[in-house]
Amino acid sequence: MKIALINHQGLKLTSGIQIQTPSPPIGLAYIGAYIKEHGYEYTAIDACGEALGQVVQSNDDSNLLIQGLKTEEIVGRIPEGVDVVGLTSLFSHSWFLVREIVASVRQKFPDVLIVVGGEHPTAASDMVLRDHLVDVAILGEGEETFVELLDSYSLNKDYHNIEGISYLDAEGKHIVNSKRKRVKKIDDFPYPDWEQWSISEYIDYGQVTGVNLGRAIPILGSRGCPYECTFCSNKEMWTKRYIMRSGKGIVDEMRYMKEKYNVSVFNFMDSTFIINKNKIIGFCEELIHSGLNVEYQLPAGTRSEALTDKVISLLEQSGLRNIGLAPESGSEDIRNIVKKKINYKDFINTVKVLNRSKITLSCFIVIGFPEDSYSTLKDTLRLVRRLAMLGVDDITVSQFTPYPGSTYYNQLVLSGEIDDKYDNVKNIISFYSSEPRSYAGNIKDGDLYKSMIRMYLEFYILSFLIRPWRVVYNFYDYIRSGRENTKYIKFVTEMLFTRRRFTGGSA
């Protein structure tokens, strides 16, 4: 049976303060490795990684660039006689790219089985299936489900009763099967099959999530998140069950990847890596004793509850260089509403301890939740100022966007404030848009953007005035070694170099 797995192109905005850097497709690399372990060969088409230097303007938005192969080039790489084509859409803003590829695949190969997976199809399978181009949407963790689907399809058996899938029946009714149980022994999964996914190109181009600390490769140390923030779709993908790999399993993969690809940095792609204090201590000790001498970062953010003084010391000793924390709001009322329940005093203490280490710290803030008001924005501004004074290195302030699969998204669809089509890419991709829009009824359109800019300016001005030597060192280190220690270094390089290259000299 001929199988093709496709990674869609990357996206870049040429306006505003947002930065998009495509990351190697770790989900597809895991899927590829798993189906190979079960006897299936496949053709990998990395539409982004195979053409990182090819960037064209999107037809949907003049400020939106598409990085990678053109759709006709992608379809042209699919082998004749293909039986199954699989694609993934991790983020909702990339679905329009996947949908265009799917439409072209269906036109050229009308009888092929088209399967999609990832967080967006899991959260919005009805949206994905409604135009009758996709045959099956895989819901949640995909390895076991996809292999069972391949087994059934290769033997011409009915696959419609498989757990963990969604499809349209003969009458066009949207069917969602029962969820598949989570895989507990995730250490048993084979390592990602990076060999077929242009990994060397991603490494050489410095295409990473987070800051560019050197030759880096993605890694997963856990799956899932036990929390249920109302603005997040994670629980639809993974349920609330959090499962962490063993420290030895993670370190063994690091050793293998370091030797195979000559990398020195690992970017953890986990939803939230630090949950269980004892397991994190075990991982750190395993890495320290391994003698690997590597660095790593946690760019997606993590919780602060398990970050005791001892844990932070071990994280630093083991090579952690960059971490993100997500207080989300300066208002305790808003944090409670969005179920971001943190102990504020403990969070501040964690920030202080991290500031005394060599680990750079960024914090994530979201403004414009439906319940936000001018009063809660003032609370958040006060938090931003305090973080600057405490020595936080970076801050990310983004405007709230209702994400498919989240509690907020479902509420806003039911209220009629948004529809469930989400065809306008800008509504999802640009959390930093200057266009006047607000889902907070108590805040005027346009005022959110002003608040966001004010928070950024006050944070960085305060930070630079209080600790000017830190800024000088970080820029000196970048000029000397090309190493991005902080997000503001990454932003400057984006503004001065990356965007000019992609836009022909005009940022």
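None of the figures in this text is laboratory data; all of them are computed from the coordinates on show. Keep in mind the model is a prediction, meaning the values are calculated, not measured. Cβ atoms come from the backbone with ideal geometry, glycine included; neighbour counts cover every protein chain shown.
For this structure, a couple of remarks:
- The angle separating the long axis of helix 277-290 from the principal Cα axis of greatest extent in the chain is about 90 degrees.
- Whole-angstrom gap from region 266-297 to region 161-229, using each part's C-alpha centre: 20
- Length-normalised contact order for the chain - Cα pairs under 8 Å, 6+ apart - percent: 13
- In Å, descending, principal axis extents of the Cα set of region 302-386: 42, 21, 17
- Beta bridges per DSSP with both ends in region 3-176, % antiparallel, nearest 5: 45
- Simple point charges give the picture: +1 on the Cβ of Lys and Arg, -1 on the Cβ of Asp and Glu, and for region 208-466 a dipole about the Cα centre of about 620 debye.
- Since only 89, 64, 120 are under comparison, the one whose Cα sits farthest along the positive direction of the charge dipole of region 1-153, derived from C-beta charges on Lys, Arg, Asp and Glu, is 64.
- If both residues of a DSSP beta bridge must be in the chain, then about 25% of such bridges are antiparallel.
- Convex hull of alpha carbon positions in the chain: directionally averaged projected area 22.5 nm².
- Using the Stokes-Einstein relation with a Kirkwood hydrodynamic radius computed over Cα pairs, the translational diffusion coefficient of region 124-277 at 4 °C and a viscosity of 1.567 mPa s comes to 72 µm²/s.
- Cysteines in the chain lacking any other cysteine Cβ under 4.7 Å from their own Cβ: 48, 225, 284, 363.
- Across region 208-466, Cα-Cα pairs more than 35 Å apart make up 18 percent of the total.
- Helix 468-481 and the longest principal axis of the C-alpha atoms of the chain enclose an angle of approximately 40°.
- For the chain, adding -39500 (n - 2.57) for each run of n ≥ 4 DSSP H residues and dividing by the number of residues yields -11500 deg cm²/dmol at 222 nm.
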